[in-house]
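Okay, so here's the structure we're looking at.
Read-outs throughout are calculated quantities, based only on the coordinates presented, and are distinct from any laboratory measurement. Please read all numbers here as calculations on a predicted model, not as lab measurements. Note that each Cβ is placed from the backbone with ideal geometry, even for glycine, and that neighbours are counted across all protein chains shown.
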Amino acid sequence: MGKFYLTTAIDYSNGDPHLGHALEKIGADCIARWRRLRGDQVHFLMGMDEHSQSVIAAAAAGGTTPREWVDRMAERFERFWRRLECSNDDWIRTTEPRHQAGVTALLDRIREREPGDLFEGEYEGLYCTGCEEFKTDAQIVDGRCGEHPTLALVPTKERNWFFRLSRYRDPLLRLISSGEFAVEPAIRRNEVLRLLEAGLQDISISRQRMPWGIPFPGDSQQTVYVWFDALINYLSATGFPEPGYERLWPADLHVIGKGITRFHCVIWPAMLLAAGVALPREVWAHGYVQWEGTKMSKTAGTAVTLDEAIDRHGSGPLRYFLLREVGFENDGNFTWDRFDERYNADLADGLGNLASRSLAMLAKYRDGKVPEATESTALDEAGSRLMDSYAAAMDAFDLKTACERAGALVSEANQYIVATAPWTLAKNEDNAALDRTLAALVRCLVRLAGMTGPFMPSKASELWRALGCSDDLWSVHWGSLIAPQVAGLQTIRPPILFPKPEQANP
Ligand SMILES: [Zn+2]
């Protein structure tokens, strides 16, 4: 138990978020909620990257100013994250004064500590406006950016400030290989190590006379390069350089997409080493949501809108589907058919049906009141075993496996109902056996509310309330869910948790 500061990548404010953005935010939110359940002091940061060149273009195309544009986009993004039940504690925008102060302070520290690390030079190269970075030969495929094959690279030449990144190759190799600075999953760590072994080039960290961005300290002709600026958000959100920022810093976890590991696992830690600021403990780089095998991207025209995806079955089921089916490690596919199948099988016919039949039996045989029967059953044993393995998976950010454990407990409960046949016990007036079965089912549902909570927060809370639990699900501790005390709880028959289209709640 302790402080747990986690962040997501901050998004460009040049268009609406799509499922790819959503996967990252809900994966991080799921981890944040899990750590809160475990009793950690969680601080969860999300935000917006507002200084990109594409903002100028998007604002101009929309007939407005960059400032009005980013305000409008920040509002849109926040609306989506609220719809998706993101529980971030802070929201940083890189146009905020607190961020500008952090960026200036970090550059000043580098200049004081390692004056040779910042130097002026000429930069000539091919610039990708999608990535907002100059591309190296290795990143160019058929004359295009590998991440943005639909955009033309722009030849650019100008005077810039440079950061002596090459100096940090050896320290980074050591820190990453030793796990002192953890890069996960292993496939991403190995990619970063190969990249470091191949050697690092110094990088340009300013742009000339940009009308939109943070002025480069000590050089009014130059603006801080948007990526250099953006990375610092994780630190500026802690209040850096003001005293007390170490209450949150270093970050315990940066959640990012696999396409930006070079920035987060090479450039960012090198910047911090140069400034003498502690490194984050871990970076987790997730895969992409694909649509029939291709990257979902607005520029490539293969994006499902988030509103469409949420409207299909609600935010909880969308969160569940993305983390269960697409996963948080490798690339995975999103299709409407699979979404509908999982919704029906896992949620409507699985968890939802289990809750409604259990609570219906309780209502019918015991007026909804949970009997005094604390004896542990086979279902309790399965429950605590699956909770252990769920917790291990959650701690390892293996969200897919954790979902599977919850699903396995639903199956165990359904088998337990068949095996104990409560309707027969009721007919035979075997009250002790019926009490035992009904109480075991309620304990199982309490456990399932805890296990599904990080994935489907409002659905789990609905189940929690139907079980008659007095506290808020989010105020309880995981440990109290392992052997829950349920005797005497007054349950209610809940509305259908996961209605099928033909049986929507009135
Ligand atoms: Zn690109």
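I'd like the FRET efficiency for residue 485 and residue 430, computed as 1/(1 + (r/R0)^6) with the beta carbon distance as r and R0 of 22 Å, rounded to 0.05.
Details: r = 24 Å, r/R0 = 1.10.
Result of the calculation: an efficiency of 0.35.
Going by the alpha-carbon gyration tensor, a ≥ b ≥ c the square roots of its eigenvalues, is segment 151-252 rounded (a/c under 1.5) or, if a/c is not under 1.5, prolate (a/b greater than b/c) versus oblate? Walk me through the intermediate numbers first.
Working: a/c = 2.15, a/b = 1.23, b/c = 1.75.
Verdict is oblate for segment 151-252.
Classify segment 99-188 as rounded, prolate or oblate from the Cα gyration tensor: take a ≥ b ≥ c as the square roots of its eigenvalues, call it rounded if a/c is under 1.5, otherwise prolate when a/b beats b/c and oblate if not. Show your work: numbers first, answer last.
Numbers: a/c = 2.01, a/b = 1.19, b/c = 1.69.
Oblate is the answer for segment 99-188, as a/c is 1.5 or above yet b/c matches or exceeds a/b.
Putting +1 on Lys and Arg Cβ atoms and -1 on Asp and Glu Cβ atoms, find which of 173, 474, 146 reaches farthest to the positive end of the dipole of the chain.
474
Classify segment 105-154: rounded, prolate or oblate, from the alpha-carbon gyration tensor (a ≥ b ≥ c, eigenvalue square roots; a/c under 1.5 rounded; otherwise prolate if a/b is larger than b/c)? Present the calculation step by step, with values, prior to reporting the outcome.
Numbers: a/c = 3.50, a/b = 2.68, b/c = 1.30.
In terms of gyration-tensor shape, prolate.
Quick one: which residues, 5 or more positions from residue 290 or on another chain, have an amide H under 5 Å from its amide H? H modelled 1.01 Å from N in the peptide plane, none for Pro or chain starts.
332, 333, 334
Taking θ as phi - 60°, what are the ³J(HN,Hα) couplings along segment 166-182 by the Karplus curve (6.51, -1.76, 1.60), each to the nearest whole Hz, with x for Gly and Pro?
Once θ is set to phi - 60°, the couplings for segment 166-182 become 4, 4, 9, 4, 5, x, 5, 4, 5, 5, 7, 4, 7, x, 4, 10, 7 Hz.
Under 8 Å for C-alpha pairs, at least 6 residues apart: give me the relative contact order for segment 347-506, rounded to a whole percent. Don't skip to the end; give the middle numbers.
Numbers: 192 pairs, mean separation 56.8, N = 160.
So the answer I get is 35 percent.
At 7 Å along the Cα-to-beta-carbon direction for both residue 194 and residue 75, put a label point, then send me their distance in nm to one decimal.
The answer from the label model is 4.6 nm.
Give me the percent relative contact order of segment 306-434, please, defined on Cα pairs under 8 angstrom at least 6 residues apart.
On the way: 79 pairs, mean separation 34.0, N = 129.
This gives 26 percent for segment 306-434.
On alpha-carbon atoms, Rg over Rh for the chain using Kirkwood Rh?
Working: Rg = 25.7 Å, Rh = 24.7 Å.
With Rh from the inverse mean 1/r over Cα pairs, Rg/Rh is 1.04.
Be a star and scan segment 228-242 for residues whose amide nitrogen sits under 19 Å from the point 7 Å along the Cα-to-Cβ vector of residue 3.
Counting backbone N atoms under 19 Å from the label point, the list is 232-242.
Please go through the residue pairs 25/500; 369/500; 400/459 and name each one whose alpha carbons sit more than 24 Å apart in this structure. Walk me through the numbers before you get to the answer.
Details: 25/500 27 Å; 369/500 28 Å; 400/459 18 Å.
With Cα atoms farther than 24 Å apart: 25/500; 369/500.
Considering amide H positions built from the backbone, and no H for Pro or chain starts, which residues 5 or more places from residue 133, or on another chain, come under 5 Å of its amide H?
HN-HN under 5 Å from residue 133: 128.
Mind giving me the nanometre distance, one decimal, between the label points for residue 496 and residue 154, set 7 Å out from Cα along Cα→Cβ?
So the label points at residue 496 and residue 154 sit 5.3 nm apart.
HN-Hα J couplings of segment 402-419 from phi, Karplus 6.51/-1.76/1.60, θ = phi - 60°, integer Hz, Gly and Pro as x?
4, 4, 4, 5, 5, x, 5, 5, 4, 4, 4, 5, 5, 5, 5, 5, 4, 5
HN-Hα J couplings of segment 269-285 from phi, Karplus 6.51/-1.76/1.60, θ = phi - 60°, integer Hz, Gly and Pro as x?
Coupling constants for segment 269-285: x, 5, 4, 5, 4, 4, 8, x, 10, 4, 7, x, 7, 8, 10, 10, 10 Hz.
Figure the gain on full extension for residue 292 and residue 124 (residue separation times 0.36 nm, minus the Cα-Cα span) and round it to one decimal in nm. Spell out each step's value before the answer.
Numbers: separation 168, 0.36 × 168 = 60.48 nm, distance 3.77 nm.
Full-extension gain reported as 56.7 nm.
Can you compute the charge dipole magnitude of the chain about its Cα centre, using +1 on each Lys and Arg Cβ and -1 on each Asp and Glu Cβ, nothing else charged? Give it in debye, rounded to the nearest 20. Present the calculation step by step, with values, prior to reporting the outcome.
Working: 56 positive and 69 negative charges, 95 e Å.
Roughly 460 debye, rounded to the nearest 20.
Below 8 Å between Cα atoms, with a sequence gap of 6+, how large is the relative contact order for segment 225-345 in percent?
Working: 116 pairs, mean separation 26.0, N = 121.
Computed value for segment 225-345: 21 percent relative contact order.
Using Cβ-Cβ distances only, list the Cys residues of the chain with no partner cysteine under 4.7 Å, sorted by number.
30, 86, 265, 403, 444, 469
Which of the GluC sites (Glu not before Pro) found in segment 367-459 are in a DSSP loop and have at most 14 neighbouring Cβ atoms, other than their own, within 10 Å? If you can, show how the numbers build up before the last one.
Values: sites: 372, 375, 381, 404, 412, 429; in loops: 372, 375, 429.
Those that pass, being in a loop and sparsely packed, are 372, 375, 429.
Can you find, among 333, 368, 382, the residue sitting farthest towards the positive end of the charge dipole of segment 328-394, where Lys and Arg contribute +1 and Asp and Glu -1 at Cβ?
Of the options given, the answer is 368.
May I ask which residue of 217, 271, 441 lies farthest towards the positive end of the charge dipole of the chain, with charges of +1 (Lys, Arg) and -1 (Asp, Glu) on Cβ and the Cα centre as origin?
Checking the options against the dipole of the chain, the answer is 441.
Please determine, in degrees from 0 to 90 and to the nearest 10, the orientation of helix 378-395 with respect to the longest principal axis defined by the Cα atoms of the chain, where the helix direction is its Cα long axis.
0
For residue 92, enumerate residues with amide H under 5 Å from its amide H, sequence gap 5+ or separate chain, H modeled in the peptide plane.
Result for residue 92 returns 46, 47, 48.
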